[in-house]
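Asker: Handing you a structure now.
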Amino acid sequence: MPENILIAIAWPYANAEIHVGNITGSHLPGDIVARYHRLKGNNVLVVSGTDSHGTPVTLAADKEGRPVEEVYKKYHDGFLELFQGFGITYDLFTTTHTENHFKVSQSIFLALKENGFLYTDKSMQWYSPSAKRFLPDRYVEGTCYICGYEGARSDQCDNCGNVLEPEKLINPRSKDGSALELRETEHFYLDLSKLEPDVKKFLEERSPHLRDTVIGESLRKIEAEGLKPRPITRDLDWGVPIPIEGWTEAGKRIYVWFEAVIGYLSAPIEWSQLSGNLEAWREWWVNPEAKQFHFIGKDNIFFHTSLWPAQLMGAGSQFLKIFDEDDKPLIVPYDVPANQFMNLEGQKISGSRNWAVWGRDALTRYDPDALRYYLTVNMPENKDSDWDWAEFVARNNNELVATWGNLANRVLSFAYKHWEGHVPDISTDGQLPVAMRDIDKQLLETIKNGFNTVGAELEAVHLRAAIGEAMKLATTVNQYLDQTAPWSAIKTNKEEAAKTIYTALKAIDSLKILFAPFLPFTSERLHRFFGYETPLFGEQYTEDVTDSLGTHKVLRYRVRRDAIPPHQWKPSELKPGSELNEPAPLFKKLDESVIDEERARLGK
Ligand SMILES: [Zn+2]
């Protein structure tokens, strides 16, 4: 039975370009796991979108002197280009600024209200008399009254991670330099303390497979501090309207932390609408057998392991009653394989200092699979990692090119030359095996086991270990060729050489599948060299969607179900004597000069 797998990837803020840290943090691991499950024949849905609301976006608009809508779309379009370049195969990459997302977010809000988890309360907020408006979170900065960090936002300290009470901020100052005064304001709060027992139970149930770093950030944090109520509305006029009369008119909107995560639910609903099957999203959201994976960076752990499940459990069956009169509860995340951070040449990545490797820029100089390879072997799964240009060049040349690329190219070219463009035919009357030697059988058995070992690592989202296993198998095939030496055997005993080359081709054809989730572009090329006519994967495309808020562009993924066999995660069944296409090298060796050139770009 195919499993239903939802791959939910963190929503990037529409105020900055995406860099390698973001890619290895969430987008790439999500895509690798998605591609693996697709090859296995599971029903996969990959969603995310641009977080178009919130103060990072309005501040960027203020800075650039342009309308907010224009600014979010500029970054959004860049994201779509980057994901196509890197092959991040979203079934739907949308935005939070859609009619559908508004409706779904408002329904969750109302469901929580109906179930008694919302209340209103008054608090003090910074107000600018000259601008005649409240200045929420990032508009006011000051010194954190808990840890003393000087760049704290008025509502949260990015240094110690604590939620702050604006009126306690030390030395508050507004971003635009205007004078500040404290004024009373009223907001809706989510009473998380009431949901704490449910959240704890949820985390305890999942703790056996959640990463240690993830459990530490969530369960241990709740045990130490408890879940406290949080405001879910604020004084800002850009965002999702509050579905209670009078509130939106008063210049308030739903708080972005509350609504952006709801995208994991609204995006599948939008995808269903675009796919013409309105009920399809239920397979990943109401079906208790479905598994949801959340790919995020460590700064977002608490939102995804505690606040988001609390929202879902609090809304419960009430959401569907409001949304479409059904009364089933929504399911909660299965795994949250959050990554730590990637640094760059020993320093934190910083966009403002241009201490970054930007995704779209890197694609102008390097092939996507070369970047995907280094970002996978260097993925910050359990601790921070470091992008180092010398290491990038070394691992590209010594592993990707020397161990894997040369293996595939050498064997395919040899077969293509000596067997006139065909796989050596070692069968008798089409029957296999014909006197395959023990060494041949052993190699193919080892490769076959790789589907279990690499697959198990992928299921558990241990992606570094998974690609390491695949590379080890490529080394094993190289050793097999050293032992059997078909390059010299061809001169004395072509039949022996044929056995070796047939076996090696079959092993490489299998390795192609094992590498495909990580290196989809070159695996697809290799697949064609082997003469297959159907592709391994579907294709990406963009589409304009129009609703009452305007037109937004989305990224989608199309699979021709008739063209792609449902189960491809299995050892090669390469036919002796089948036709090959002319091979070419899969990867490029990089010159050492790249290291200095790239280092010279940093911080400029
Ligand atoms: Zn602090």
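Asker: Rounding to the nearest 20 debye, state how big the charge dipole of the chain is about its Cα centre with +1 on each Lys and Arg Cβ and -1 on each Asp and Glu Cβ. All intermediate terms of the calculation are to be shown ahead of the outcome.
Answerer: Working: 68 positive and 87 negative charges, 156 e Å.
Value, rounded to 20: 760 debye.
Asker: Check which residues have an amide H placed less than 5 Å from ASP51's amide H, if you skip close sequence neighbours.
Answerer: Sorted by chain and number, the residues that satisfy this are TYR13, ALA14.
Asker: Would you work out what percent of the accessible area of the chain, with all protein chains in place, is carbon or sulfur (probe 1.4 Å)? Intermediate results must be reported in sequence, preceding the final value.
Answerer: Working: 11680 of 24760 Å².
Its accessible area is 47 percent carbon and sulfur atoms.
Asker: Another question, then. Once a ≥ b ≥ c are taken as the square roots of the eigenvalues of the Cα gyration tensor of the range 50-127, is the result rounded (a/c under 1.5), prolate (a/b larger than b/c) or oblate (a/b not larger than b/c)? Display every interim value, and only then the final one.
Answerer: On the way: a/c = 3.14, a/b = 1.40, b/c = 2.24.
Since a/c reaches 1.5 but b/c is at least a/b, the shape of the range 50-127 is classed as oblate.
Asker: For the range 138-195 and the range 478-500, compute the distance between their C-alpha centroids and round to whole Å.
Answerer: If we compute the Cα centre of each part, the gap is 71 Å.
Asker: Then there's this: With θ set to phi - 60° and the Karplus curve 6.51 cos²θ - 1.76 cosθ + 1.60, what are the ³J(HN,Hα) couplings of the range 123-138 in order, to the nearest whole Hz, using x for Gly and Pro?
Answerer: Values per residue, Gly and Pro as x: 8, 9, 9, 5, 10, 9, x, 6, 7, 6, 7, 6, 10, x, 3, 5 Hz.
Asker: To continue, here is another question. GluC sites (Glu not before Pro) within the range 176-279: which are DSSP loop residues with at most 12 other Cβ atoms inside 10 Å? Each step should come with its number before you reach the end.
Answerer: On the way: sites: GLU181, GLU184, GLU186, GLU204, GLU205, GLU217, GLU223, GLU225, GLU245, GLU249, GLU259, GLU270, GLU279; in loops: GLU245, GLU249, GLU279.
Passing sites in the range 176-279 are GLU245, GLU249, GLU279.
Asker: Continuing with this model, one more query. 222 nm [θ] for the chain, helices only, -39500 (n - 2.57) per DSSP H run of 4+, per residue, to 500?
Answerer: Values: 20 runs with 253 residues, N = 604.
Calculated at 222 nm, the ellipticity per residue is -13000 deg cm²/dmol.
Asker: Whole-Hz Karplus ³J(HN,Hα) for the range 582-598, in order, using 6.51 cos²θ - 1.76 cosθ + 1.60 and θ = phi - 60°, x for Gly and Pro?
Answerer: 4, x, 8, x, 8, 10, 10, 6, 9, 6, 4, 4, 4, 4, 5, 4, 6
Asker: Continuing with the same structure: What dipole magnitude, in Debye to the nearest 20, does the range 167-230 give about its Cα centre under +1 on Lys/Arg Cβ and -1 on Asp/Glu Cβ?
Answerer: Details: 13 positive and 14 negative charges, 36 e Å.
That gives the range 167-230 a dipole magnitude of about 180 debye.
Asker: Taking the chain on its own, what percent of its Cα-Cα pair distances exceed 49 Å? Show your work: numbers first, answer last.
Answerer: Values: 32195 of 182106 pairs.
The calculated P(r) of the chain puts 18 percent of pairs beyond 49 Å.
Asker: Then there's this: I need the phi-derived Karplus couplings for the range 266-282: 6.51 cos²θ - 1.76 cosθ + 1.60, θ = phi - 60°, integer Hz, Gly and Pro marked x.
Answerer: Values, residue by residue: 5, 5, x, 5, 5, 4, 4, 4, 5, 8, x, 10, 4, 8, 4, 4, 4 Hz.
Asker: Please state, to two decimals, what the Cα-based radius of gyration of the range 1-139 comes to when divided by 2.2 N^0.38 Å (N = residues). Could you put the intermediate results ahead of the total?
Answerer: Details: Rg = 18.6 Å, N = 139, 2.2 N^0.38 = 14.3 Å.
Computed over Cα atoms of the range 1-139, the ratio equals 1.30.
Asker: Taking amide H atoms as placed 1.01 Å from N in the peptide plane, list the residues 5 or more away in sequence, or in a different chain, whose amide H sits under 5 Å from that of TYR532.
Answerer: Here the answer is none, since no amide H 5 or more places off falls under 5 Å of that of TYR532.
Asker: While we're on this one: Based on the mean of other Cβ atoms within 10 Å per residue, sort peptides 399-408, 474-483 so the most packed one is first. Could you put the intermediate results ahead of the total?
Answerer: Numbers: 399-408: 21.2, 474-483: 16.2.
Put in order of decreasing packing, that is 399-408, 474-483.
Asker: Which one of GLN273, SER350, ALA16 is farthest out on the positive end of the charge dipole of the chain, using unit charges on Cβ (Lys, Arg +1; Asp, Glu -1) and the Cα centre as origin?
Answerer: SER350
Asker: Which far-off residues, 5 or more places away or on another chain, put their amide H under 5 Å from the one on ALA152, with H placed in the peptide plane?
Answerer: Distant-sequence amide H within range of ALA152: GLY142, CYS144.
Asker: Pull up the DSSP beta bridges for the chain and report the antiparallel fraction as a percent, rounded to 5.
Answerer: Working: 39 of 59 bridges.
Here the share of antiparallel DSSP bridges comes out near 65 percent.
Asker: Taking the dipole about the Cα centre of the chain, with the C-beta of Lys and Arg at +1 and of Asp and Glu at -1, give me whichever of HIS422, TRP285, HIS97 is farthest to the positive side.
Answerer: HIS422
Asker: If you count only protein heavy atoms with a 1.4 Å probe, what accessible area per residue comes out for the range 358-479, rounded to a whole Å²? Could you put the intermediate results ahead of the total?
Answerer: Numbers: 5050 Å² over 122 residues.
Ligands and nucleic acids excluded, the figure is 41 Å² per residue.
The values are calculated or read from the model by the stated rules, or taken from the named source; none is laboratory data. Worth saying up front: this structure is predicted, and the values here are computed from it rather than measured. Because the Cβ atoms are built from the backbone with ideal geometry, glycine has one as well, and the counts that use them run over all protein chains shown. Calculation scope for accessible area: heavy atoms of the full protein, side chains included, ligands and nucleic acids excluded. Shrake-Rupley method; radii C 1.70, N 1.55, O 1.52, S 1.80 Å.
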